[in-house]
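Working notes, beginning with the structure itself.
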Amino acid sequence: MIKLYVSGYVGNLGTKVLIDEKQDELVKQFNHEFITHIKNQIEVSLSEGGFNPSLIMSSRGDEVSICRGEQCEPNNLKIVDSEPIGKGGILTALWKLCDRNKWGLRYSLREIPILQGTVEIANHFDLNPYRLLTKNSYIIACSDDKKKCRGEHCEPEKSTRELSEPSLIYFGYITNTKKRVRIDGEAEAFLTKDYKDEIDKIIKGYTKWLEL
């Protein structure tokens, strides 16, 4: 079975850009203390000492290790593929990963790590936070033979949901069908190909020449 994990907080860079460009509006909508708190959280998530870079995922041979500084603990999983999350947020990265490998998919948005401030600021501008500019975050696909899938109906063992909090968080698994389905909404929703980033709706052309 191939399981999908995500590291870091999605939508973090897009949140920073919105705060930098629309701070006066956001302070009026929320308050100065709230915006300052969110800015601090975002800066940490984007820094070298933040949530993702300080928990280094390495591959020693085919075995996944989660490292804190010089100490690593192998988890007996094998890396199959990975995708950095950047323009278009995690949904764009997820499409690229699955399309490249011709994978079907079942996943949960609710399990994906995202700061509450990102959600609230995105909601204020009527943006989808899961299609928002992201940095220092990755999707990691790992094989785990402990649980086999038949068709699209299988569930991973709960004990492997998180490899090492908060380094890698489990949010979905690969199926042998062509469907790419979100399973935690009111009804099943299908992942679609869309490389557009929500930040461009507020700041026209912002991501056009942006390199991540």
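Rule-based calculations on the coordinates, nothing more; no lab input. The structure displayed is predicted, hence computed values, not measured ones. No Cβ is skipped: glycine too gets one built from the backbone with ideal geometry, and neighbour counts run over all protein chains shown.
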* Total formal charge among the other residues, if their Cβ is under 13 angstrom from that of His32, Lys/Arg +1 and Asp/Glu -1 -> -1
* Asked: Once phi is turned into θ = phi - 60°, what whole-Hz ³J(HN,Hα) does the Karplus curve with 6.51, -1.76 and 1.60 give for every residue of segment 191-203, x standing for Gly and Pro?
  -> 5, 10, 6, 7, 9, 6, 9, 4, 4, 5, 6, 9, 10
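Could you list, in their original order, any pairs among Lys102/Lys204; Lys16/Lys193; Lys78/Lys208; Lys87/Lys178; Lys3/Lys39; Lys135/Lys201 whose Cα atoms are separated by more than 27 Å?
Over 27 Å Cα-Cα: Lys102/Lys204; Lys78/Lys208; Lys3/Lys39.
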* To do: Evaluate the relative contact order of segment 87-133 (contact order divided by residue number), counting alpha-carbon pairs under 8 angstrom at least 6 apart; express in whole percent.
  => 69 percent
* Full-extension gain in nm, Ala187 to Glu111, via 0.36 nm per residue minus C-alpha separation -> 25.7 nm
* Förster-model FRET efficiency, 25 Å R0, Asn101 and His37, C-beta, rounded to 0.05 -> 0.05
* **For Gly86, residues with placed amide H under 5 Å, excluding near neighbours** => Ala93, Thr134
* Structure fact -> Least to most buried among Glu33, Glu43, Glu186, by other C-beta atoms within 10 Å and fewest first, runs Glu186, Glu33, Glu43
* Structure fact -> Any residue on another chain or 5+ positions along whose placed amide H is under 5 Å from the amide H of Leu105 is listed here as Thr175, Lys179, Arg180, Val181
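Work through the residues other than Phe125 whose Cβ is under 11 Å from its Cβ and net out their charges, Lys, Arg +1 and Asp, Glu -1. Mind showing how you got there, number by number?
Details: positive: Lys22, Lys201; negative: Glu21, Glu25, Glu120, Asp126, Glu198.
Residues close to Phe125 contribute a combined charge of -3.
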* **Residue-by-residue Karplus 3J(HN,Hα) for segment 127-137, coefficients 6.51, -1.76, 1.60, Hz, glycine and proline x** => 10, 8, x, 8, 10, 10, 2, 9, 9, 6, 9
